[in-house]
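This report refers to the structure that appears directly beneath it.
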Amino acid sequence: MIINHTYPNGIRLVLEKIPTVRSVTIGLWIGTGSRDENEKNNGISHFIEHMLFKGTETRNAREIAESFDRIGGQVNAFTSKEYTCLYARVLDEHADYAIEILADMLFHSTFDETELQKEKQVVYEEIKMYEDTPDDRVHDLLSQASFGHHPLGFPILGTQTSLETFAPDVLRNHMAGHYLPENIVVSVAGNVDERFIEKAGAVFSDYRAVRSEQPYVKPEFHPGKIAKKKETEQAHLCLGFKGFPIGDENIYPLIVMNNILGGSMSSRLFQEVREERGLAYSIYSYHTAYRDSGLLTIYGGTAADQVDALYETIFHTIRGTLESGITEKELHNSKEQLKGNMMLSLESTSSRMSRNAKNELLLERHRSLDEIVKAIDAVTLDDVHRVARDIFTDEFSCSVISPYGELPKSLSA
């Protein structure tokens, strides 16, 4: 059972009691990420996430780490395009202690100048590591090609140039404008009961912030093309197609279609590109849904002199899907796989915590598993074919990282 509670200051709590486990996962979700940045402060959301671990008014960085180590807990954080999350997984008996520390990190971090300069070096290294991972970096290039100068096209990590501008007051001012009570969700899943609502209220209900009106500009999809030269063993290719926003009625037909196209080992892309032609080890597709937009991505890695063959094979597979459609067997298998994956993924408190938080933060509603299963089962062949026609048009984006730094010949001609 999921319990929702809103504190007087606007902070929301979502609690799911799971009495069959001995763990509790607590996540503090803030509805802000790299999409709320500009070119000058790009990366500030991610950097604030790092600095939350670097010391508060009562604990230094080592003491924060030791606080979780001594109770056998795990603490971590991440930043995305549209939200930031600070979370911990602990034994149920330590849930009260864990939420006190998390709240201390979120509301009382000092952003010490010495720690800030050291953490800049850490993030510099993180950026360099990312640059050395072309199969990840090519996805960032696709976002840039797809969304242009809109913040959704910015890298979450930022750049070395933007990091240089970060100072304690800059971080505090950004938090004051975006870490608003109504923009914070506390998600808890595990062996806890309703009494935890009062405990969380004791550490969260006093938080206040002045609302700052932030421009929220809907992105326009751009069929951009970007190629980057880099000495790599493989060429990395991404194709992007305009998708659907989170909560759109077409989401379920889309995920069924995507699963058939490139979401599994039995998918058409995997079978054609890897099994039949041996063009790639890694080939897959996925859809990313944002608040007001979406992007369907197809990725493949191949030898530098096989980019054209990979590109043509991908579009050959897409054309086959559009012209011949999918079969009843593919539709059935895709639905069963999606339902199975969903059920299996929710067997951990961490997964349930994340699911509930995203539903509350992005959708402001919670669909039961039975409702989701019903929605997946309701998808028809006509639904999948209609969505495929909507997605796969002549308007698409492309990114390539390879030793030659060239787009596929049919694009660059």
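At a Förster distance of 25 Å, what's the computed FRET efficiency of Leu381 paired with Glu312, Cβ-Cβ distance as r, to 0.05?
Numbers: r = 27 Å, r/R0 = 1.08.
About 0.40, to the nearest 0.05.
Å³ per residue of the Cα convex hull, for the range 2-204? All intermediate terms of the calculation are to be shown ahead of the outcome.
Values: hull volume 27.2 nm³, N = 203.
Enclosed volume per residue, from the Cα hull, is 134 Å³.
Can you say what percent of the DSSP beta bridges in the chain, counting only those with both residues inside, are antiparallel? Round to 5.
Numbers: 49 of 60 bridges.
Around 80 percent antiparallel, to the nearest 5.
Each label point is 7 Å from the Cα along the Cα-to-Cβ direction; what then is the distance between the points at Ser345 and Glu66, in nm?
So the two model labels end up 3.9 nm from each other.
If you take the beta carbon distance between Gln74 and Val373 as r and set R0 to 30 Å, what does 1/(1 + (r/R0)^6) give as a FRET efficiency, to the nearest 0.05? Show your work: numbers first, answer last.
Values: r = 31 Å, r/R0 = 1.02.
Efficiency computed from Cβ-Cβ geometry: 0.45.
Could you rank the peptides 138-144, 66-72, 289-295 by their average count of other C-beta atoms within 10 Å per residue, with the highest value first?
Details: 138-144: 22.4, 66-72: 14.1, 289-295: 19.6.
By packing density, highest mean first, the sequence is 138-144, 289-295, 66-72.
State the extension gain, in nm to one decimal, for the chain segment bounded by Glu131 and Lys230, taking 0.36 nm per residue of separation less the distance between their alpha-carbons. Each step should come with its number before you reach the end.
Values: separation 99, 0.36 × 99 = 35.64 nm, distance 0.98 nm.
Taking 0.36 nm per residue and subtracting the Cα distance, the gain is 34.7 nm.
What is the spin-label model distance, in nm, from Arg195 to Asp248 if the labels are put 7 Å beyond Cα along the C-beta direction?
For the pair Arg195/Asp248, the computed spacing is 4.7 nm.
What does the extension gain come out to for Thr6 and Glu57, with contour length at 0.36 nm per residue minus their alpha carbon separation?
Numbers: separation 51, 0.36 × 51 = 18.36 nm, distance 2.72 nm.
Stretched fully, the Thr6-Glu57 segment lengthens by 15.6 nm.
Place the peptides 145-151, 371-377 in order of packing, highest mean first, counting for every residue the other Cβ atoms within 10 Å and averaging per peptide.
Result, highest mean first: 145-151, 371-377.
Report the extension gain between Val122 and Glu93 in nm, rounded to one decimal, defined as 0.36 nm multiplied by the number of residues separating them, less their alpha carbon distance. Working shown, then result.
Details: separation 29, 0.36 × 29 = 10.44 nm, distance 3.39 nm.
Stretched fully, the Val122-Glu93 segment lengthens by 7.1 nm.
Below 18 Å, Cα to Cα, which lysines can Lys242 reach? Residues fewer than 8 away in the same chain don't count.
Those lysines meeting the cut-off are Lys81, Lys218, Lys225.
Would you work out if the range 1-98 is rounded, prolate or oblate? Take a ≥ b ≥ c from the square roots of the eigenvalues of the alpha-carbon gyration tensor; rounded if a/c is under 1.5, else prolate when a/b is larger than b/c, oblate otherwise.
Details: a/c = 2.19, a/b = 1.28, b/c = 1.70.
Taking the square roots of the gyration eigenvalues as a ≥ b ≥ c, the range 1-98 is oblate.
Any read-out appearing in this document is the output of simple, stated calculations on the displayed coordinates, not a laboratory observation. None of these values were measured; they are calculated from a predicted model. Don't worry about glycine lacking a Cβ; one is built from the backbone with ideal geometry, like all the others, and counts go over all protein chains shown.
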